[in-house]
Structures are given as C-alpha cells and as structure tokens.
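Enquirer: A single structure is presented below for examination.
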C-alpha cells in the first residue's frame, strides 16, 4: 500500500509540474496531456519488463512515440508504422520466449506459476467483471457456477486464472475488450475453447492445447482485441 501511495503521489506531483511547465512554454511543443499519459504508461512498462510481458512493453512505447512524434522528429513513422512494429515485436518475442521460459522473480523456471507479486483479486460469482486500466493485476476465478466473464484490459498487463472454477452448465463465455495490453488466460484442460474474437493489429495464441473433440464443456471467447496480445494457457 505504501509503495502504491508513493507511486501515485509522485505521479500527481509530476503531472502538476507538467501543467505549470506547459503553461510557461518550457515543454517546447509537448502538451501537458502527453506528459501525463506517458507518466501513466511508465509503471506499466516497468512492471512488464519485470515479467517479460512484451505486449506491455512495446505497445505503451508505441503510444509514447506517437505522443512525442513531433519533438522527436519521427512523424513519418507514426501512427501506423510504429504500432505495426510494436505488434510484430510483441508477437515475435512472445513466440521466441513463451512464458514458461521467462524469468520469474527469483530464477528461470519451467513452471507457469511462480510469477512476481502483483495485485491479486478473487471472484466467485456466476457473472464476473474485471477492469484493468494502466495497471497490472492477477485475477482468480473461483466460482463453481461460472457462466460469464467480461474482461476490460486497457494499457495494462493482466492474468486471469480459471483453473479453480467450474461451469454452471456445459457452456460459458468470456467477452474481451483489450487495447494496447497483454492478457494471459489460464484455462482448465477439461474445457474446449472456441475463439470468436475480433483481432486487429493483435492476436491470440494458445499453449498446451488438448484434443477438444473429446471435451464436453465449451468456453466461447468473444470481443475485441486491438494492438494487443492474448495468450491462452491450458493448465
């Protein structure tokens, strides 16, 4: 809690300073809003570097490049070339370094679990709603009557674990709204997953998929994924 208070305290101090400097014309052609947005993105980048969440690293950097394109003299590279490059780098590095081979807080591990500590949330209702904006969190779905989950993930890196949940019937759904983020879903191997999501400048990857033809329970994944990556890991 103290660490969070320190981070937010520094954010508001720097944001206030940016407003004053902008009014005094000391920021050049940079607007105070661009500085404030960049300050919000920096913790996401730092947290993503710790976890090697490539989507949480390159997508925020792309947004910052767009915001500061004029002062940096890179107008020709924004917005689409920078965004496409960020997506390509995120996909490429995520494929080369899948999570099970990435560095955890203490050592290199072949396990899916053992991630660095982050904000942890638990949900046990039939209908679940998860919101993650400009922050990272680990979410556990423990409901034994699970029916639906709405997941909003903007400029963030989040994980959602469904391995402790069970469906109320033989069908459930997840609705995604993911923007410039990295989202990891951990799904029981006993569930068949059907993907119906709309992906733009992003994608969904699956790790450890099983023979879905033999499974009785179906999870349908819908929604929108923009400039983001969603990883489905079967556990």
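Just so it is clear, none of the values below were taken in a lab; they were calculated from the coordinates. Predicted model, so just to flag it, every value in this text is computed and none were measured. Please note: Cβ atoms are built from the backbone with ideal geometry, for glycine as well, and neighbour counts cover all protein chains shown.
Enquirer: Suppose the chain between residue 200 and residue 88 were pulled fully straight at 0.36 nm per residue; how much longer would it get relative to their current alpha carbon spacing? Working shown, then result.
Expert: On the way: separation 112, 0.36 × 112 = 40.32 nm, distance 1.24 nm.
Using 0.36 nm per residue and subtracting the Cα-Cα distance, I get 39.1 nm.
Enquirer: Also: When you count, for each residue, the other Cβ atoms within 10 Å and take the mean per peptide, how do 225-231, 63-69 rank with the highest first?
Expert: On the way: 225-231: 23.6, 63-69: 18.9.
So the order, starting with the most tightly packed, is 225-231, 63-69.
Enquirer: What FRET efficiency comes out for the pair residue 72/residue 166, r = Cβ-Cβ distance, R0 = 45 Å, nearest 0.05?
Expert: Values: r = 51 Å, r/R0 = 1.13.
Calculated value: 0.30.
Enquirer: How many nm separate the modelled label positions at residue 144 and residue 80, each set 7 Å beyond the Cα in the direction of the Cβ?
Expert: 5.3
Enquirer: Please report the relative contact order for region 32-84, taking Cα pairs under 8 Å with a sequence separation of at least 6, and give it as a percent rounded to a whole number. Working shown, then result.
Expert: Working: 32 pairs, mean separation 15.3, N = 53.
Normalised by residue count, the contact order of region 32-84 is 29 percent.
Enquirer: Taking R0 as 45 Å, what FRET efficiency do you get between residue 217 and residue 24 from their Cβ-Cβ distance, rounded to the nearest 0.05?
Expert: Details: r = 61 Å, r/R0 = 1.35.
Efficiency, from the Cβ-Cβ distance: 0.15.
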